[in-house]
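The values are calculated or read from the model by the stated rules, or taken from the named source; none is laboratory data. What you see is a predicted model; the values in this text were computed from it and never measured. Quick reminder, even Gly has a Cβ in these numbers, built from the backbone with ideal geometry, and neighbours come from all protein chains shown.
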Amino acid sequence: MARIILWAVLIVLVVRAVSRLLRGVFEGAGYTRGPAPQRSVGLVRDPVCGVFVVRSQALTSGTGSAVRYFCSEKCKREWGGR
């Protein structure tokens, strides 16, 4: 009876080890179960106070590659005075 219990415990441990190994291999290869992880949000840095702001909610000044992003009207006014 003791042999059967020891074999059962050994089999459970081996199955768990193989399962965790395979899960690690699949995760390393980029396979994920369930919904895809949420993508990160692009942040921009205010040049006056240094606060990071979500690009879609930031106030802007300039055009093309000279666009500056601001967290508030106050920072935008301070930048315009420079």
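Values computed for the structure shown
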quantity	calculated
Some residue of the range 5-26 being in a loop (DSSP other than H, G, I, E, B), at pLDDT below 90 and either exposed (fewer than 10 other Cβ atoms within 10 Å of the Cβ) or not polar (S, T, N, Q) (or both)	no
Residues that are of a type in the set (A, V, I, L, M, F, W, C), loosely packed, with under 12 Cβ neighbours inside 10 Å, in a loop (DSSP other than H, G, I, E, B) and over 16 Å from the mean Cα position of the chain (by Cα), drawn from the range 28-66	A29
